[in-house]
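Chemist: Here it is, the structure, as structure tokens.
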Amino acid sequence: MGNFLVDPIYMQVDLLLILWTLGIAVNGVGLLVQKRNLKSAATAFWNEENFLFGSWAEKKRLAIGSRLFLLAAILLQIQTFFLMSSAKENWPFLFQALQSIVGHVLGVCLILKIVFFGKYSGKQLFVAWPAFFVFRWTFVNNHLYWFAIGTLFLFAAKEIQLKQTLKACLIAGAISMMTVFVGVATKVIPVGWFETAPGCIRPGIGYGWPNMLGAYLLALAVMYSCWRGVKQFRWFDFAILVSLEVLCAMGPRSKGAAVALLLLIVGLAVAKWLPALFANKPVKILIATVPVMALGVSYWMSAAYTPENAVLSKMNNLFTGRIYLGNTALRELSVRIAGQRIPAEYVVDNVYLMVLIAAGPIASIFLWGANSKLLWKLSQSGHTTEIICVLAFLAHGFMEGHILWPSVNVLIWLLAGVFYRSKTEEFPTFAENPLTATEKGEEK
């Protein structure tokens, strides 16, 4: 009970699994009673999107569900960008209590959203429910908090106000970060200096670990880019992103985030002035294969690494020792079908290798296969902004695991379109709001 009060995530994923399964069963029985024919009920269950636990107040439930997701997303931004800052060192008890409260509230919001305020068809649940079961199953073994939180947000991100939620999260994250920076400037919050290598002392600037701040700067850049959309970009938009790049490279000196930010800027520039490139079918196919190739390359580099291999030794230096660390983990920890908890003495920063070891091959296939499908769907519908942002995070994944954090990588929300089998023309993006579009169609 004490553990639940501090960290409710374990009970939340179990509660969601139970309630979601019960709701599906109730929906099936309800359709059978309504249709009075097994074949008709099965057809309706498979093809029609219905609320679980009855069809009462449908329009209001959709609106409430979107607001619940919005509240959960804002709370997670505050937790990530402020409550997890070095300010907690000044008021540890208060910040721990606040984090616990936030964890309980946002978890309840997401569970309610999925179970009572979402519409599902049988063919959507045919993919989504097993995927959730696998992710929850592996989480019980690996205890990766952000993996579980990302799972909850992924399956809750259906029929929500994407643009509105994105804007709110961008504002909440930016204000929280500025508050921390002001606290550092006024010496209320400690800067945090770290010797990450002999003679290399880097500041955390209020966030404890330099690479964490780098990931947060990348997160703000991606949220801003998705909010604006590359087609609307002007010179000042690129100036803002370049400023974040300079801050990342000169402040915490986070190599992974700085490189990902640079790739983001270059990619957006290409998308702005050479948009026809992304309409090329071979380019679309190449882009869609990136997540799977990243997994394969990450595994190969770590599995094949030896100090005598000149190429991999240089690559290891480029990735600041991460290939060697991955090799050590692969040699001493076997890959298990349902994942495992990675002991603290093993550092696996490469997210592809980390998910493979911690969550197992089945969850890895679900996750990176879904990212490939996401990129393909985005390419088919011409949403280059989101494509570039996903690719930037995939590049960052070679150095850090923040691609799994839904507060840092808001593109996790779009994966709902993959697991719920959205059609290409209805696929969720930040450029178009499915819920708003539906409401406009009803008004007409």
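The values are calculated or read from the model by the stated rules, or taken from the named source; none is laboratory data. Not measured: the values here are computed from a predicted model. Backbone-built Cβ (ideal geometry, glycine too); neighbour counts: all protein chains shown.
Chemist: Among the helices (runs of 4 or more DSSP H) contained in the stretch 1-101, which hold 3 or more residues that are modelled with pLDDT under 90 and farther than 29 Å from Arg421 by Cβ?
Modeler: 2-6
Chemist: With Phe51, Phe147 as the choices, which residue is among the aromatic types (Phe, Trp, Tyr), farther than 30 Å from Gly360 by Cβ and buried (at least 18 other Cβ atoms within 10 Å of the Cβ)?
Modeler: Of the residues listed, the single one that is among the aromatic types (Phe, Trp, Tyr), farther than 30 Å from Gly360 by Cβ and buried (at least 18 other Cβ atoms within 10 Å of the Cβ) is Phe51.
Chemist: Something else: Please work out which one of (1) in contact (Cβ under 8 Å) with a residue 24 or more places away in the chain; (2) of a type in the set (Ser, Thr, Tyr); (3) out of contact with any Gly (no Cβ under 8 Å at 6 or more places or on another chain) is the condition Thr43 fails and give its number.
Modeler: Going through the list (1) in contact (Cβ under 8 Å) with a residue 24 or more places away in the chain; (2) of a type in the set (Ser, Thr, Tyr); (3) out of contact with any Gly (no Cβ under 8 Å at 6 or more places or on another chain), Thr43 breaks only (1).
Chemist: Also: With respect to the numbered conditions (1) surrounded by fewer than 20 Cβ atoms within 10 Å (Cβ to Cβ); (2) over 23 Å from Ile362 (Cα atoms); (3) touching a Pro at 6+ places or on another chain (Cβ under 9 Å), which one is the sole condition not fulfilled by Leu333?
Modeler: With (1) surrounded by fewer than 20 Cβ atoms within 10 Å (Cβ to Cβ); (2) over 23 Å from Ile362 (Cα atoms); (3) touching a Pro at 6+ places or on another chain (Cβ under 9 Å) applied to Leu333, the lone miss is (2).
Chemist: I'm told Val26 meets every condition in (1) touching a helix residue (DSSP H, G or I) at 6+ places or on another chain (Cβ under 9 Å); (2) surrounded by 13 or more Cβ atoms within 10 Å (Cβ to Cβ) except one. Can you identify the failing condition by its number?
Modeler: Every listed condition holds for Val26 apart from (1).
Chemist: Go through the stretch 144-200 and give me each residue that's touching a helix residue (DSSP H, G or I) at 6+ places or on another chain (Cβ under 7 Å) and part of a loop (DSSP other than H, G, I, E, B).
Modeler: Matches in the stretch 144-200: Leu144, Ala157, Lys158, Glu159, Ile160, Gln161, Ile189, Pro190, Val191, Gly192.
Chemist: Can I ask one more? Looking only at residues in the stretch 313-323 that are among the hydrophobic types (A, V, I, L, M, F, W, C) and over 22 Å from Ser334 (Cβ atoms), which one is surrounded by the most Cβ atoms within 10 Å (Cβ to Cβ)?
Modeler: Restricting to residues being among the hydrophobic types (A, V, I, L, M, F, W, C) and over 22 Å from Ser334 (Cβ atoms), the top hit is Phe319.
Chemist: In the stretch 109-135, how many residues are part of a helix (DSSP H, G or I), crowded, with 16+ Cβ neighbours inside 10 Å and out of contact with any Ser or Thr (no Cβ under 7 Å at 6 or more places or on another chain)?
Modeler: Residues meeting the conditions: 15.
Chemist: Just give me the residues in the stretch 50-71 being in contact with a Phe, Trp or Tyr (Cβ under 8 Å, 6 or more places away or on another chain) and of a type in the set (A, V, I, L, M), in sequence order.
Modeler: Hits for the stretch 50-71 are Leu52, Leu62, Ile64, Leu68.
Chemist: Continuing with the same structure: Looking at Leu162, is it closer than 18 Å to Leu404 by Cα and either assigned by TED's automatic domain parsing to the domain that holds Phe419 or not β-branched (Val, Ile, Thr) (or both)?
Modeler: Against the criterion (closer than 18 Å to Leu404 by Cα and either assigned by TED's automatic domain parsing to the domain that holds Phe419 or not β-branched (Val, Ile, Thr) (or both)), Leu162 does not qualify.
Chemist: Residues of the stretch 324-349 being touching a residue at least 24 places away in the same chain (Cβ under 8 Å) and in a helix (DSSP H, G or I), which ones?
Modeler: Selection gives Leu325, Gly326, Asn327, Ala329, Leu330.
Chemist: To continue, here is another question. What are the residues in the stretch 231-274 that are under 21 Å from Pro203 (Cα atoms), among the hydrophobic types (A, V, I, L, M, F, W, C), loosely packed, with under 15 Cβ neighbours inside 10 Å and at pLDDT 95 or above, if any?
Modeler: Once the filter is applied, which keeps residues that are under 21 Å from Pro203 (Cα atoms), among the hydrophobic types (A, V, I, L, M, F, W, C), loosely packed, with under 15 Cβ neighbours inside 10 Å and at pLDDT 95 or above, the stretch 231-274 yields Val242, Val246.
Chemist: Spot the failing condition for Ala73; the list is (1) more than 23 Å from the chain's Cα centre (by Cα); (2) small (Gly, Ala, Ser); (3) surrounded by 14 or more Cβ atoms within 10 Å (Cβ to Cβ), and only one is missed.
Modeler: Of the numbered conditions (1) more than 23 Å from the chain's Cα centre (by Cα); (2) small (Gly, Ala, Ser); (3) surrounded by 14 or more Cβ atoms within 10 Å (Cβ to Cβ), the odd one out for Ala73 is (1).
Chemist: Given the criteria surrounded by fewer than 23 Cβ atoms within 10 Å (Cβ to Cβ), among the small types (Gly, Ala, Ser), in contact (Cβ under 8 Å) with a residue 60 or more places away in the chain and under 22 Å from Phe366 (Cβ atoms), does Ser86 qualify?
Modeler: Against the criterion (surrounded by fewer than 23 Cβ atoms within 10 Å (Cβ to Cβ), among the small types (Gly, Ala, Ser), in contact (Cβ under 8 Å) with a residue 60 or more places away in the chain and under 22 Å from Phe366 (Cβ atoms)), Ser86 does not qualify.
Chemist: Moving to a separate point now. Being of a type in the set (A, V, I, L, M) and on the phi > 0 side of the Ramachandran plot is the filter here, so list the residues in the stretch 52-105 that pass it.
Modeler: Listed by number, the list holds a single entry, Ala57.
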